[in-house]
Amino acid sequence: AVASHAGPLPGCVAVGDALAVPFRPGSFDAVMSIAVLHHISTPARRLRAVRELLRLVRPGGQVLIYAWALEQGPESRFRFDGPDQLVPWTPLSTTSPHPRAGCAR
(Lines give C-alpha, C1' and ligand atoms only; values in the text may rest on other atoms or scores of the structure.)
Protein backbone atom coordinates (compact mmCIF):
# COMPACT_ATOMS: atom_id res chain seq x y z
CA ALA A 1 0.00 0.00 0.00
CA VAL A 2 1.33 3.41 -0.87
CA ALA A 3 -0.17 6.41 0.84
CA SER A 4 0.23 10.15 0.49
CA HIS A 5 -1.43 12.52 2.92
CA ALA A 6 -1.55 16.20 3.83
CA GLY A 7 -0.19 15.66 7.34
CA PRO A 8 3.21 16.68 8.68
CA LEU A 9 5.03 14.25 6.37
CA PRO A 10 5.07 14.90 2.60
CA GLY A 11 4.26 11.24 1.91
CA CYS A 12 4.35 7.76 3.29
CA VAL A 13 5.00 4.25 2.05
CA ALA A 14 3.62 1.28 3.93
CA VAL A 15 3.91 -2.45 3.40
CA GLY A 16 0.73 -4.32 4.20
CA ASP A 17 -1.83 -6.93 3.29
CA ALA A 18 -4.03 -6.01 0.30
CA LEU A 19 -6.97 -7.50 2.20
CA ALA A 20 -6.33 -5.42 5.34
CA VAL A 21 -4.60 -2.14 4.48
CA PRO A 22 -3.43 -0.38 7.68
CA PHE A 23 -5.38 2.88 7.24
CA ARG A 24 -8.75 4.16 8.45
CA PRO A 25 -11.81 4.06 6.16
CA GLY A 26 -12.13 7.12 3.93
CA SER A 27 -8.51 8.17 4.48
CA PHE A 28 -7.76 8.96 0.83
CA ASP A 29 -9.10 10.92 -2.10
CA ALA A 30 -7.80 8.22 -4.46
CA VAL A 31 -6.18 4.78 -4.26
CA MET A 32 -4.40 2.63 -6.85
CA SER A 33 -3.86 -1.08 -7.32
CA ILE A 34 -1.41 -1.78 -10.11
CA ALA A 35 -0.50 -5.35 -11.11
CA VAL A 36 -1.86 -6.82 -7.86
CA LEU A 37 -5.17 -8.63 -8.40
CA HIS A 38 -3.75 -11.39 -10.60
CA HIS A 39 -1.44 -12.38 -7.72
CA ILE A 40 -4.34 -12.95 -5.28
CA SER A 41 -5.23 -16.63 -5.06
CA THR A 42 -9.03 -16.84 -5.43
CA PRO A 43 -11.87 -14.83 -6.93
CA ALA A 44 -13.34 -14.35 -3.43
CA ARG A 45 -10.05 -12.93 -2.12
CA ARG A 46 -9.76 -10.66 -5.19
CA LEU A 47 -13.22 -9.30 -4.44
CA ARG A 48 -12.15 -8.67 -0.83
CA ALA A 49 -9.12 -6.74 -2.14
CA VAL A 50 -11.36 -4.55 -4.32
CA ARG A 51 -13.70 -3.94 -1.38
CA GLU A 52 -10.68 -2.93 0.70
CA LEU A 53 -9.72 -0.32 -1.91
CA LEU A 54 -13.27 1.03 -1.82
CA ARG A 55 -13.11 1.19 2.00
CA LEU A 56 -10.01 3.38 1.85
CA VAL A 57 -11.44 6.18 -0.30
CA ARG A 58 -13.66 8.96 0.94
CA PRO A 59 -17.19 9.21 -0.51
CA GLY A 60 -16.78 10.38 -4.10
CA GLY A 61 -13.13 9.27 -4.13
CA GLN A 62 -11.49 7.45 -7.02
CA VAL A 63 -10.11 3.91 -7.32
CA LEU A 64 -7.74 2.93 -10.14
CA ILE A 65 -7.17 -0.79 -10.79
CA TYR A 66 -4.79 -2.10 -13.44
CA ALA A 67 -4.41 -5.82 -14.14
CA TRP A 68 -2.54 -7.71 -16.82
CA ALA A 69 -4.38 -8.10 -20.08
CA LEU A 70 -5.18 -11.58 -21.31
CA GLU A 71 -3.79 -10.57 -24.71
CA GLN A 72 0.00 -10.27 -24.34
CA GLY A 73 2.39 -9.21 -27.08
CA PRO A 74 5.08 -11.52 -28.46
CA GLU A 75 7.69 -9.96 -26.13
CA SER A 76 5.83 -11.12 -23.00
CA ARG A 77 7.17 -14.04 -20.94
CA PHE A 78 3.61 -14.99 -19.94
CA ARG A 79 0.90 -16.89 -21.75
CA PHE A 80 -2.51 -17.13 -20.16
CA ASP A 81 -4.74 -20.20 -20.44
CA GLY A 82 -7.93 -18.28 -19.68
CA PRO A 83 -9.38 -15.09 -18.23
CA ASP A 84 -8.99 -16.09 -14.54
CA GLN A 85 -5.28 -16.78 -14.18
CA LEU A 86 -3.19 -16.74 -10.99
CA VAL A 87 0.33 -15.42 -11.57
CA PRO A 88 2.66 -16.75 -8.83
CA TRP A 89 4.59 -14.05 -6.98
CA THR A 90 7.69 -14.40 -4.86
CA PRO A 91 9.09 -11.36 -3.05
CA LEU A 92 12.72 -10.48 -3.73
CA SER A 93 13.21 -9.65 -0.07
CA THR A 94 11.43 -10.35 3.20
CA THR A 95 12.39 -6.93 4.57
CA SER A 96 11.02 -3.60 3.46
CA PRO A 97 13.10 -0.47 2.91
CA HIS A 98 10.03 1.50 4.06
CA PRO A 99 8.84 0.15 7.41
CA ARG A 100 5.21 0.67 8.38
CA ALA A 101 6.38 2.52 11.49
CA GLY A 102 7.32 5.56 9.36
CA CYS A 103 3.70 6.35 8.49
CA ALA A 104 1.29 8.65 10.23
CA ARG A 105 -2.18 7.10 10.18
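The set of residues in the stretch 36-54 being without any contact (Cβ under 8 Å) to a residue 40 or more places away in the chain, of a type outside the set (A, V, I, L, M, F, W, C) and open to solvent by 60 Å² or more (accessible area, probe 1.4 Å) consists of ARG45, ARG48, ARG51. If you check SER41, SER96 for being at pLDDT 80 or above and outside any helix (DSSP H, G or I), only one passes: SER41.
Quick grid of which residues meet (1) under 17 Å from the mean Cα position of the chain (by Cα); (2) at pLDDT 90 or above; (3) surrounded by 14 or more Cβ atoms within 10 Å (Cβ to Cβ); (4) acidic (Asp, Glu):
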position: ILE34; (1), (2), (3), (4): yes, no, no, no
position: ALA67; (1), (2), (3), (4): yes, no, yes, no
position: PRO74; (1), (2), (3), (4): no, no, no, no
position: PRO91; (1), (2), (3), (4): yes, no, no, no
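The values are calculated or read from the model by the stated rules, or taken from the named source; none is laboratory data. Keep in mind that what you see is a predicted model, and the values were worked out from it rather than measured. Heads up, the Cβs are rebuilt from the backbone with ideal geometry, glycines too, and the neighbour counts pull from every protein chain shown. Keep in mind that these areas ignore ligands, DNA and RNA; they rest on the heavy atoms of the full protein, side chains included. Shrake-Rupley method; radii C 1.70, N 1.55, O 1.52, S 1.80 Å.
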